[in-house]
Amino acid sequence: MNKALLLIVTLVFSTAAAAQQYKWVDKDGKVRYGDVPPPGVNATRLKAPPPSSSPAPSAAAKKDGGGKALTPEEAYRQRQEAARKDADKQAQAEQEKSLNQENCSRARESLAALESGQRISRTDAKGERYYLEDAQIAQETAKARESVRQYCK
């Protein structure tokens, strides 16, 4: 009994899916589609798609480098790979930008310290502190200015 009911329901839905389609222009000038046109309208009957055992390839099917049409799954994978590569490039650009900002900040701090007029000290390999002479400060200041120009664009 249930099988017969299932068969009837399936037939009803399959005939509805295969129903004739029409195209018409409504009173507002908009193109409309449907299986039953309203009365008094000039409707055009549309051709039903031919029955097919396998889905037809879309007209806009993408092709790979060899000219072979891609399946939807292959096209999806290619889009995913391209999106991943774009995300990687963007992440790398963000990382470089962050690094440049950090280097810029350090270069400005170093330049400010060198130009402050205070005594500048360094530590040698033995761990002993020594103070920079004016010539050394001038060299360090020139290097710091170049670093600011390089990183703070």
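Structure notes:
- Test result for G29, at pLDDT below 65, under 39 Å from the mean Cα position of the chain (by Cα) and of a type outside the set (A, V, I, L, M, F, W, C): no
- If the condition is being within 52 Å of the chain's Cα centre (by Cα), modelled with pLDDT of 90 or more and of a type in the set (K, R), then region 123-153 contributes K143, R145, R149.
- Leading residue by the ranking (surrounded by the most Cβ atoms within 10 Å (Cβ to Cβ)) among those in region 111-133 that are among the small types (G, A, S) and assigned to a helix (DSSP H, G or I): A113
- In the condition set (1) of a type in the set (K, R); (2) surrounded by 10 or more Cβ atoms within 10 Å (Cβ to Cβ); (3) outside any helix (DSSP H, G or I), R84 is compliant with all but (3).
- Answer from R145, R149, R108 - the residue that is part of a helix (DSSP H, G or I), touching a residue at least 40 places away in the same chain (Cβ under 8 Å) and of a type in the set (D, E, K, R): R108
The values are calculated or read from the model by the stated rules, or taken from the named source; none is laboratory data. Everything numeric here is computed off the predicted structure, so don't read it as measured data. Note that we place each Cβ from the backbone using ideal geometry, even for glycine, and neighbour counts take in every protein chain shown.
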